[in-house]
Each structure stands twice: as C-alpha cells, then as structure tokens.
2 protein chains.
Amino acid sequence: MKNTPKQPARTWGPGLHPARDETPKTLAGRVAQQLRQDIIRHRLEPGERLQFEKLSKLYEVGTSPLREALFQVAAQGLVVAEDHKGFIVAPIQFDEMLDVSNLRANLESYAIRGAIRDGREEWEVDLLAAFHRLKRAGIAVAADQDDEDRRTEWEDRHREFHYALCKGCGSPWLLHFFDELYDHMERYRRYFWKYAERAVAADSEHEAIMKAALDRDEERAATLLQAHFQKQAKLTMSLRKKVERATAEVS
Amino acid sequence: MKNTPKQPARTWGPGLHPARDETPKTLAGRVAQQLRQDIIRHRLEPGERLQFEKLSKLYEVGTSPLREALFQVAAQGLVVAEDHKGFIVAPIQFDEMLDVSNLRANLESYAIRGAIRDGREEWEVDLLAAFHRLKRAGIAVAADQDDEDRRTEWEDRHREFHYALCKGCGSPWLLHFFDELYDHMERYRRYFWKYAERAVAADSEHEAIMKAALDRDEERAATLLQAHFQKQAKLTMSLRKKVERATAEVS
DNA sequence: ACTGTCAAGATTTTCGAAAATCGAATTCTG
DNA sequence: CAGAATTCGATTTTCGAAAATCTTGACAGT
C-alpha cells in the first residue's frame, strides 16, 4: 500500500474561518482584531484615513504586519482600500445598514429553518444557555442605561444568541456570512447609541423566537425572526432621521 | 459656512467590492487575481502547500505582495492560512460544495425576488443580453465538448447570466456574497469536468427562469431557480460517487 | 482669469535581509 | 528503553530602507 494520497495526509486547516475566539499567534492577526474592534467601537471614525505612519505608532508594529491586517479587515468591508491611495475606515451609509439588516433577516431565517430541521440536542441546549445569558445581560443594562461595559456585555450576548439560533443549521458558509454581517450591524447599532436615549431590549421577542425554535415550529420561528428584524429596521429608520438632523447641524 | 464635514469631502471608495473587472494597479492585487484563477482552474492542486519561495519564483514578486495576495484570497476561502505554518490551497470537500450550492439557491432566490420587485428596465435589458450570450456560448460548447476555451467561455457567460439575474435587487452585499460563492462553485464544477463525459447545458432552464423574471412573476421565477439548483445538486451528487471511486483507486 | 505642465513633498508599495517560530531529529535523563 | 528536553534546519514573519506612485502647488502660456 503506497502512501501517496492526493489530499495531504493531515487534513490541515478547517474548511474556513479563523475561528472567532482563539487569539492569533501572529502580529498581523492581532492588529487585525484590534482594528476591527476599534472600528466597530468607533475609536476610529467612519471615513477616517488610515495612514501607515500613524497606525504604525498606534499599534506599535511595522508596515508589513499592519498592511496585512488592513487587507484582512478590508476583505470584510470594515475598511476600504484603494490602490496607491491607502485605506480608510468604511464610511457610515444608512442604505448599507438597511441592506445588511435585510440580508441578515433572510439569512438567519434560512438558517433557523435548517437548524429546526437538522439541529441536534446540543444545539437546543446551547440556545437555551445563550438566551439565559442574554436575559441576564438585558436586566443589567436596564438597571443602568449609560454603563458602557454593560451595553458591551449585552451586545456580546446578543450576538451569541443570534449565532446560537443559526448554529444548528450546520452550514459553515452561512455562519461565516453571519459573522461578517453582524460586525457591520453592531457598528451601526453602536453608532446609534450616541443618539438613542434608551436601549431597545426586546427580550420578549428573543424569547418567543427561541421557544418557537425549540418547539421545532419552522414557520412560526421564521415569521417571528422576520418580524424581529423588520421592527428593528423601522426603529433604526426613525433614528436615522434624527441622526441626519444632528449631523446636518454640525456642518 | 465652515468647511468641516465629519465625513470626508470626497466620498472615497465605494461601499465595498474591488470591482470585478478592473485590473488592480498594485502587484499584490494582480497576484491575488492570478492566484484565484490558478486555484479555480486547478493549476494549483487542492490541498497543495503554497510556499513563499516557490510562489515568489512562479509569479516573480517579492514576499510582501505575495503575502498580501495570499491574505486576500484566504479571506475568500480559496486558500487556508494557519499562523506560522503557511498557506495551502483550500481542499476539495464535497460537503462544502453542497453547502455552497444550497446557500446560492437561497441567496439567488432572494435576489431574484428583489430584482423582480425593484429591477429597472436596464436590468431587463442586461438580463436579456446575458442570456443571449450564454446561449451562443452553449451552442459553441455543444459543437466541441473537449475544447477547453469554449468551456471557459461558457463558464464566464454562465456566471454573468446568474449575476444579471441577481443584479437588479440592488443589494451590494448580496452581490458580494454572490461573487465569493460563485468562485467556489466554479472550482467544483471544473473539478468535475475531469470526470463528467458531457457538459450539462440546461439552457432551457435558464431561459425559463429569465422569462419568469421578465414576466415579473416572483413565485414562478423563484421556484424555477430553486429547481435549477436542486437538479444541479443531484447531478453533482451522483458524480461525487464516481469521483470518490476514481480517487480511491489512486490511493 | 483659466488651463495645463512640471517639480517637490508626502505616502504607499515593494524589496531583501534579519528575527522569530515551528517540526523533527537528536541527545540527555531516569 | 521510554520520555522529556534540546538543538538544528527549514519556513514563516517582521523590520527598515529603497523604489514607485500619487497629490499639491507653483508657474507659464493662452
């Protein structure tokens, strides 16, 4: 028996995904993560120019890893690259936000249907746990609306809850797209924090969706999820006007 | 009136997309395109290790642009990166192919519905033109099944046809995902060319879909599109077995 | 006053060598 | 002899400087 398989002996990497949780061992990777965070959290302003000299000092790395990091984040759309002109933080565009929201609605509906059909017990358990954590975080936020850390905590739990909903579908590509889209959505949500007086908890909606999912009721779950997104979209649209007035004053 | 808008004066890049057609002005970008092509067209084998020295000679560039190119393509999933271990060409995984196919079915259905609702006359015209070109390319392929160039031509037209279907939906993000997924799908399709005796033209299906779209019949168009994908999936599943037998013999 | 050309300055992109990391073979230890 | 620690060669990653490109502003011509 000859040992010459066409595929390499060890099935190297995963199919995809840098695996969200594990920290990169390389400088470029670490900088990429920091960049993502700094953009989503608005430490870097939308449309801001990202010059190598500045970033090099800020993150304390040379140009090579910095450049690689920028390309990684650019592939995700959080920064925009133009040849020989440099990089900028992706500008805020409300139309894009709507686009992202709509796509998420479609994608997550599709995912939840798949999960309800194929999801195993592990999926159910994880989902339940994720909701529990989301609920607790929601209570904490309600207690003090202005606590940045609590909102961040809630934001993380919120992501994990939606992720848990989708996870059972067993589609790596879908989960990959989920990650990309969610980052953008979070950026927009945080952008609104500055203008919205109160956080919209909507935990009851989340609970209803979860219950439908655990009941294995495809139609109900998908419908509720769609409604969830639609409501959110309407809310942000109304905020949009407020923001546009506010920014109009500035200029 | 003070000139200090928060957003930069010129609305720099587009929201997204390196714009498929235009050739990059930078070495890194060019190499990235070549890499994509070489992977999709199987000039580089699935699972093959991509060492800097080799690629550096092959593409005649230094390590910096090469590295950047690899990251760009890795973000797309055509190569897999692992820290301090290097890059490999993404392995062929039939499960992934199914995943990609299913997601495409969902995404393109969603897109075509949007296009039928919102698509303007320009969309209709482009779609018609795309189909015409696809048809001609199909005839050329039928005349000589083994002509590599004709199959490539058909493949390009096929992509453009499906793209034209989706384009009217006006969702940049969806079109972005379309691009990513299609590249992978094409790679798998080309992989099968080695094992399939005859190309499956299925132009009649394409025509039916187009007509439904031009009739602005959402349901019919979406249903036909879904069926189109389902049929394709079944076909490839049967080929899969054949391929697995063939590769089993090799090892 | 308007337009186009050209040089200077600033910035990005690329190269080539140095540093860091990994995997495997080798040596040391119990 | 088994298992842990170590050294070595190969490869990736990073740095710093050189080359290429773009932008700005001055200047000349119409």
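Just so you know, all these numbers are worked out from the coordinates, no wet-lab data involved. Everything quoted here is computed from the prediction, not taken from an experiment. Neighbour counts are summed over all protein chains in view; Cβ atoms, including those assigned to glycine, are modelled from backbone coordinates with ideal geometry.
Some notes on this structure:
- Most positive-pole-ward Cα, A:Met210, A:Val243, A:Leu224, against dipole of the stretch A:209-251 from beta carbon charges: A:Val243
- Principal axis dimensions, largest first and in whole angstrom, of chain A by Cα: 76, 54, 30
- Each Cα pair under 8 Å and six or more residues apart adds its separation to the average, and for the stretch A:94-240 the resulting relative contact order is 40 percent.
- Net charge dipole, the protein assembly as shown: roughly 460 debye, given to the nearest 20, about the Cα centre with Cβ charges of +1 for Lys and Arg and -1 for Asp and Glu.
- The calculated 222 nm mean residue ellipticity attributable to helices in the protein assembly as shown amounts to -23500 deg cm²/dmol, summing -39500 (n - 2.57) over DSSP H runs of n ≥ 4 and dividing by all residues.
- Cβ-Cβ distance of B:Gln37 and B:Thr247, R₀ of 22 Å, FRET efficiency by 1/(1 + (r/R0)^6): the value works out to about 0.40.
- Kirkwood Rh (inverse of mean 1/r, distinct Cα pairs), the protein assembly as shown, angstrom: 24.6 Å
- Contact order normalised by residue count of the stretch A:27-89, Cα under 8 Å, 6+ apart, percent: 44 percent
- Förster-model FRET efficiency, 25 Å R0, B:Gln145 and B:Leu98, C-beta, rounded to 0.05: 0.45
- By average C-beta atoms within 10 angstrom, highest first, the peptides A:160-166, A:35-41, A:120-126, B:39-45: A:160-166, A:35-41, B:39-45, A:120-126
- Inter-chain Cβ neighbour average for residues A:202-212, partner chain, 10 Å: 0
- √(5λ) per eigenvalue of the Cα gyration tensor, the stretch A:94-240, largest first, Å: 24, 18, 13
- Taken over the stretch B:104-160, the percentage of Cα pairs per 5 Å bin, counting from 0 up to the bin with the maximum distance, is 4, 19, 19, 19, 16, 12, 8, 3, 0.
- Net charge over other residues, Cβ less than 13 angstrom from the Cβ of B:Ala81 (K, R count +1; D, E count -1): 0
- For B:Glu60, the label point sits 7 Å beyond Cα toward Cβ; its separations from the matching points on the remaining copies run 4.2 nm, from shortest to longest.
- Straight-distance crosslink candidates among lysines, where the alpha carbon sits under 30 Å from A:Lys194 and sequence neighbours closer than 8 are dropped: A:Lys54, A:Lys57, A:Lys135, A:Lys231, A:Lys234, A:Lys241, A:Lys242, B:Lys2, B:Lys6
- Closest approach to the A/B rotation axis among chain A Cβ atoms, residue and whole-Å value: A:Ala75, 2
- The distance between label points at A:Glu207 and B:Ser56 comes to 6.1 nm (points 7 Å beyond Cα on the Cα→Cβ vector).
- Between the stretch B:114-135 and the stretch A:21-84, the alpha-carbon centres lie 39 Å apart.
- Net dipole in debye of chain B [+1 Lys, Arg Cβ; -1 Asp, Glu Cβ; about Cα centre; nearest 20]: 400 debye
- The simple spin-label model puts a point 7 Å past each Cα toward its Cβ; for A:Asp179 and B:Arg220 those points are separated by 4.2 nm.
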